[in-house]
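The values are calculated or read from the model by the stated rules, or taken from the named source; none is laboratory data. Remember, it's a predicted structure, so these values are computed and weren't measured experimentally. In this analysis, Cβ positions are derived from the backbone assuming ideal geometry, glycine residues included, and neighbour counts consider all displayed protein chains.
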C-alpha cells in the first residue's frame, strides 16, 4: 500500500520536528515537505502535490485559512487537516468552510493527529470531539437543505456509511460493490444534494437525522 504523502505547515520548527518524528514511526505516511509560512505552503503544495496538508491557522504572512482556500483551489485532490492551538468554534467552522476535512487541537494527543490523517486519506472527516457538539447545534438551526427524498434507497444507505466516517474501501465491502462504484455513489449524492465536501455531507446527514451525532 502506497504511503500518504504529507506536507507539514507550521511556523514553529519544533512542532514540525515533533510531527515528522511521529509520522516517521508509522508505515502509512511519508513527510514530503515542510513549510514555515502560508505563501511557502502554496508554493510547496503546487510543486509537491501532497495527499494531505497538515496546516496551522496562525502563520506569519498569510493565515492558514487563506492558505487552505488557495491550496484547495490549486490542488483540489489534496486533503487539508488543521492542526492548531485554537479550540475555538469560530476557527472550527471557518476551517470547515475553507475546505478542511479534519480539525485537530494541539495538545490533544498524537492519536488524534494520526486518526485525523487516516480518516481524511480514506475519504472521511475528523472532527475534534470537543467541537463536534457545536457543529451539530449550528447546523440544526440552518434553513432546510436539499430534500433527502431525492436520494435512492442505496444512496441513502451510502450517505449513512459516509456519515459514520467509513472510507470508500469499507463502504464497498459492506455493500458488496467495487471501490469505483462506491465512489460513484458518493459523487452522485453530492451532485443531487448540491454539496461539495465530505464535511458538508456529514453535516447534512446529522441535520436530517440520517445519522446520530
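Looking across the range 134-177 at every residue that is under 22 Å from residue 119 (Cβ atoms) and assigned to a loop (DSSP other than H, G, I, E, B), the one that is modelled with the highest pLDDT is identified as 177. A single entry from 194, 108, 123 fulfils the requirement of being under 12 Å from the mean Cα position of the chain (by Cα) and modelled with pLDDT of 70 or more: 123. Looking across the range 1-16, the residues that are more than 17 Å from residue 84 (Cβ to Cβ) and either touching a strand residue (DSSP E or B) at 6+ places or on another chain (Cβ under 7 Å) or surrounded by 21 or more Cβ atoms within 10 Å (Cβ to Cβ) (or both) come down to 3, 4, 5. When the residues of the range 45-87 are filtered to those that are out of contact with any helix residue (DSSP H, G or I) (no Cβ under 7 Å at 6 or more places or on another chain) and part of a helix (DSSP H, G or I), which remaining residue is nearest to residue 22 (Cα to Cα)? Ranking the candidates gives 48 first. Give me the residue from the range 17-35 that is outside any helix (DSSP H, G or I) and touching a strand residue (DSSP E or B) at 6+ places or on another chain (Cβ under 8 Å) and, out of that set, surrounded by the fewest Cβ atoms within 10 Å (Cβ to Cβ). Out of the qualifying residues, it is 28.
Pick from the range 8-25 the residues that are in contact with a helix residue (DSSP H, G or I) (Cβ under 6 Å, 6 or more places away or on another chain) and touching a residue at least 60 places away in the same chain (Cβ under 8 Å): which of them is nearest to residue 35 (Cα to Cα)? The residue in question is 10.
Does at least one position in the range 66-73 carry a residue that is crowded, with 24+ Cβ neighbours inside 10 Å, under 16 Å from residue 112 (Cβ atoms) and under 13 Å from the mean Cα position of the chain (by Cα)? Before the answer, list the steps.
Going residue by residue through the range 66-73, those that are crowded, with 24+ Cβ neighbours inside 10 Å are 67-68, 71.
The next check asks that each one be under 16 Å from residue 112 (Cβ atoms); those that pass are none.
Checked against the condition, which is being crowded, with 24+ Cβ neighbours inside 10 Å, under 16 Å from residue 112 (Cβ atoms) and under 13 Å from the mean Cα position of the chain (by Cα), the range 66-73 yields no hits at all.
Residues that are within 19 Å of residue 112 (Cβ to Cβ) and more than 18 Å from the chain's Cα centre (by Cα) occur at least once in the range 42-58.
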